[in-house]
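To start, the structure itself, in structure tokens.
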Amino acid sequence: MRQGLLGGTFDPIHNGHLEIAEVVRGRLNLDEVIFMPAGSPRFKGDNPTPAAHRTEMVRRAIDGKPYFRLSTLEIERAGPTYTVDTITELGARLASRDRIYFILGWDSLIEFPRWREPDRIIERCFLVAVPRPGSPRPDLDVLEILVPGMAERVIVLDSPRVDISASDIRRQVTRGEPIDRLVPGAVADYISEQGLYLSE
């Protein structure tokens with residue numbers, strides 16, 4: 001099985017996340033893409049919306065798409081979220097022939113050498129980097145020097161070019177502006193029903 005893994009705060013999940021998952025799934029012929037909301041994001045400066053809300057928004061966003069799956073593995077883990085722990089735990093549940101493709105933005109790939117145990121991560125999965133607004137295309141030669149063996153474990157894509165920001169969506173909700181074109185309808189309804197982001 002070829003599994004994609006798309007992690008994030010998903011606060012809220014938006015159409016850009018879904019487009020990235022669809023494109024990567026098609027390009028790499030993945031059997032499924034796992035959406036994994038972060039528990040305690042390591043590098044987030046502010047506190048995310050409670051996990052129960054973020055999880056439910058992901059659940060609603062991917063409902064009806066059998067090739068998308070929700071995992072609460074990081075939500076259930078206590079303490080800070082580290083990718084190396086997630087990849088190790090996920091890999092332990094897979095067969096030896098299964099492959100994990102960890103999806104991240106160009107900006108995150110550039111910072112990858114600073115992550116916790118990057119060498120162990122690339123031993124256990126492939127990295128799939130997609131464009132991020134304002135971020136340059138990663139230089140694999142530089143990354144290879146910093147993390148030997150990394151270049152052969154990275155797939156750099158030039159699309160999709162998604163320009164949707166979760167923080168912008170939260171601000172629009174606070175201002176009473178519509179977000180219907182930015183998030184799935186079921187997610188927009190949930191945000192309204194629960195009164196999320198009104199006090200941002």
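Rule-based calculations on the coordinates, nothing more; no lab input. Bear in mind the structure is a predicted one, so any value in this text is a computation, not a measurement. Note: ideal-geometry Cβ built from the backbone for every residue, glycine included; neighbour counts use all protein chains shown.
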Exercise for review: Count the net charge of all other residues whose Cβ sits under 13 Å from the Cβ of LEU94, scoring Lys and Arg as +1 and Asp and Glu as -1.
Suggested key: +1
Study note, to complete from the structure: hull vol. (C-alpha, convex hull) per residue for segment 2-194, Å³ -> 121 Å³
Exercise for review: Work through the residues other than SER159 whose Cβ is under 15 Å from its Cβ and net out their charges, Lys, Arg +1 and Asp, Glu -1.
Suggested key: +1
Study note, to complete from the structure: Fewest-first ordering of ILE169, ILE122 by Cβ atoms within 10 Å yields ILE122, ILE169
Exercise for review: Treat every Asp and Glu Cβ in the chain as -1 and every Lys and Arg Cβ as +1, leave all other atoms uncharged, and give the resulting dipole magnitude about the Cα centre to the nearest 20 debye.
Suggested key: 240 debye
